[in-house]
Amino acid sequence: MRVTRRTTAAVATATALVMTLAACGGASSGEAEPSLRTHTDVGVYTWWAAGVEKTGLDVLAEVFERQHPDIEFVNDGVTGGGGSAAKDHLQSRLENQDPPDTFLVHAGAELEDYIRDGYVVDVSDLYKKYGLTDVFPEDLIDQLSTDDGKIYSVPSNIHRANVMWANPTVLEANGIDPSARYENIGAFIADLEKLDQAGVTPLSIGTTWTQVHLLETVLLGTLGPQAYNGLWDGTTDWTSPEVTTALENFKTLMSYTNDNREDIDWPDATKMIIDGEAAFNIMGDWAVSAFDEADMTLGSDYVAVPAPGTAGSFDFLADSFTMTAGILDPESTEAWLDTVSSKEGQVAFNKIKGSIPARTDVDRSEFTEYQRMAIKSFEEDAIVSSLAHGAAVPVAQLDAVSQATLKFVGPDGHGDVPTFQSQLAAAAG
Ligand code: GAL
């Protein structure tokens, strides 16, 4: 059995307590022995450690403490946007038998490694117990289910990855119509060039994972939803000329980004749009909360549209929570999963997080205009899986893609499209 150091320590303390009480004659025969579980808690691991992400987690923890007042919420996570740094840290905790009770994981292929390595347990019974199969969309249940119909996590929300954010004042000042939509990446590049000529940062971006995020939207915007999905099920050839075009587009877009990209994460890249220091940014819709927090109004103060060439597609990812194998107190973790899946938990959390509830039975009028747009798009558009956020490929493949991206466009990047393409093809196996 795998036990956490935290819970092992708790047991040692409780055992010492029992021994002390026994030595004092406190627990005589026939009397109830003091419980070993004098205190219960749940250690929750996420990378939501700052800004609106932390606020979202705090709000969910508040709902939890209301719904389960006997159990303490313990924030057992780390910093690190996009989960890339956090995933390495989580992996070492899992390998060192020091796991959190529950951890944040993306629905989809990212779960495969954790299931294979036995780090997470099947929670399908909770779906029956809480009636979740009826309230989550079928597509999402499919993403969460293994081939043998088991489910290993509970989703808290659904995010859209293919969103482009823009500052309309910056666009207008440079003769670009803020209501313009880019049906293809070529048209977008023409406006990036215009902004560049005017001395404005055309496209803001951050460190490697945000670049992989851009890469996925460029693949989608160049190939279209069907061929993009084919990259993940083997029906689209990674070595094809269409993919070459997409990678050339990606390289061109990267050439219009800010120089300090390696030093910043998504919040700072988004802030460049908020502060009018850049014109465009492509990021998932957790970014909407940053605009809300800055009291900006959709339409007049900021623009949120599908990334170039991706209208009609919803590039999907869902945050979800596991129950770790071998923990001492699965009931407390079950209580956390109960809150995560509850209507109250999903409404409170998603109002802050900018995502849409995974549950379909919530009152939409509770949500912002942006979120109502996202709900509609999720219902009507082609659903494709996010590469950068664990829906499309297992952790090892994403790691290989990230490494290849770093070598391609990172500091001292080689910039050679054929090399990049062959590394991506190799990563796909
Ligand atoms: C994603 C995650 C989002 C958000 C984002 C930026 O992977 O699913 O909820 O946290 O990273 O940190």
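Observations
- Scanning segment 212-235 for residues that are small (Gly, Ala, Ser), on the phi < 0 side of the Ramachandran plot and surrounded by fewer than 19 Cβ atoms within 10 Å (Cβ to Cβ) returns ALA227, GLY230.
- Residue selected from segment 248-264 under the condition more than 13 Å from LEU214 (Cα to Cα) and in a loop (DSSP other than H, G, I, E, B), by the criterion farthest from the ligand (Cβ to nearest atom): ASP259
- Checking each residue in segment 250-273 for being touching a helix residue (DSSP H, G or I) at 6+ places or on another chain (Cβ under 9 Å), surrounded by fewer than 23 Cβ atoms within 10 Å (Cβ to Cβ) and in contact (Cβ under 8 Å) with a residue 60 or more places away in the chain picks out LYS251, THR252, MET254, TYR256, GLU262, ASP265, PRO267.
- When residues in segment 311-336 are screened for being modelled with pLDDT of 95 or more, among the small types (Gly, Ala, Ser) and not in a helix (DSSP H, G or I), 6 of them pass.
Yes/no per residue for (1) open to solvent by 10 Å² or more (accessible area, probe 1.4 Å); (2) assigned by TED's automatic domain parsing to the domain that holds SER124; (3) free of Cβ contacts under 8 Å to residues at least 12 places away in the same chain:
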{"site": "THR322", "(1), (2), (3)": "no, yes, no"}
{"site": "GLY326", "(1), (2), (3)": "yes, yes, no"}
{"site": "GLU331", "(1), (2), (3)": "yes, yes, no"}
{"site": "THR339", "(1), (2), (3)": "no, yes, no"}
{"site": "GLN346", "(1), (2), (3)": "no, yes, no"}
{"site": "ASN350", "(1), (2), (3)": "no, yes, no"}
{"site": "SER355", "(1), (2), (3)": "no, yes, no"}
{"site": "THR360", "(1), (2), (3)": "yes, yes, no"}
{"site": "ARG372", "(1), (2), (3)": "yes, yes, yes"}
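- Tally of residues being over 16 Å from ASP381 (Cα atoms) and surrounded by 23 or more Cβ atoms within 10 Å (Cβ to Cβ) across segment 296-314: 1
- Just one residue in the set TRP238, TRP209 is open to solvent by less than 50 Å² (accessible area, probe 1.4 Å) and either polar (S, T, N, Q) or part of a helix (DSSP H, G or I) (or both); that residue is TRP209.
- Top-ranked residue of segment 88-146 - restricted to ones that are within 16 Å of the ligand (Cβ to nearest atom) and in a loop (DSSP other than H, G, I, E, B), ranked as surrounded by the most Cβ atoms within 10 Å (Cβ to Cβ): ALA107
- Looking across segment 175-201, the residues that are of a type outside the set (Val, Ile, Thr) and open to solvent by less than 40 Å² (accessible area, probe 1.4 Å) come down to PRO178, ALA180, TYR182, PHE188, ASP191, LEU192, LEU195.
- Counted residues, segment 274-303 - those being outside any loop (DSSP other than H, G, I, E, B) and within 16 Å of the ligand (Cβ to nearest atom): 11
- Within segment 53-60, the presence of at least one residue that is among the acidic types (Asp, Glu) and at pLDDT 95 or above is confirmed.
- Being crowded, with 23+ Cβ neighbours inside 10 Å and in the same structural domain as VAL212 (by TED's automatic domain parsing) is a property that THR405 has.
- Scanning segment 278-298 for residues that are of a type in the set (Gly, Ala, Ser) and either without any contact (Cβ under 8 Å) to a residue 12 or more places away in the chain or farther than 16 Å from TYR370 by Cβ (or both) yields ALA278, ALA279.
- Just one residue in the set GLY390, GLY345, GLY354, GLY415 is within 16 Å of the ligand (Cβ to nearest atom), out of contact with any His (no Cβ under 6 Å at 6 or more places or on another chain) and on the phi > 0 side of the Ramachandran plot; that residue is GLY354.
The values are calculated or read from the model by the stated rules, or taken from the named source; none is laboratory data. Computed from a predicted model, the values in this text were never measured in an experiment. For neighbour counting, all protein chains shown are included, and Cβ atoms are generated from backbone atoms with ideal geometry for every residue, glycine included. Keep in mind that these areas ignore ligands, DNA and RNA; they rest on the heavy atoms of the full protein, side chains included. Shrake-Rupley method; radii C 1.70, N 1.55, O 1.52, S 1.80 Å.
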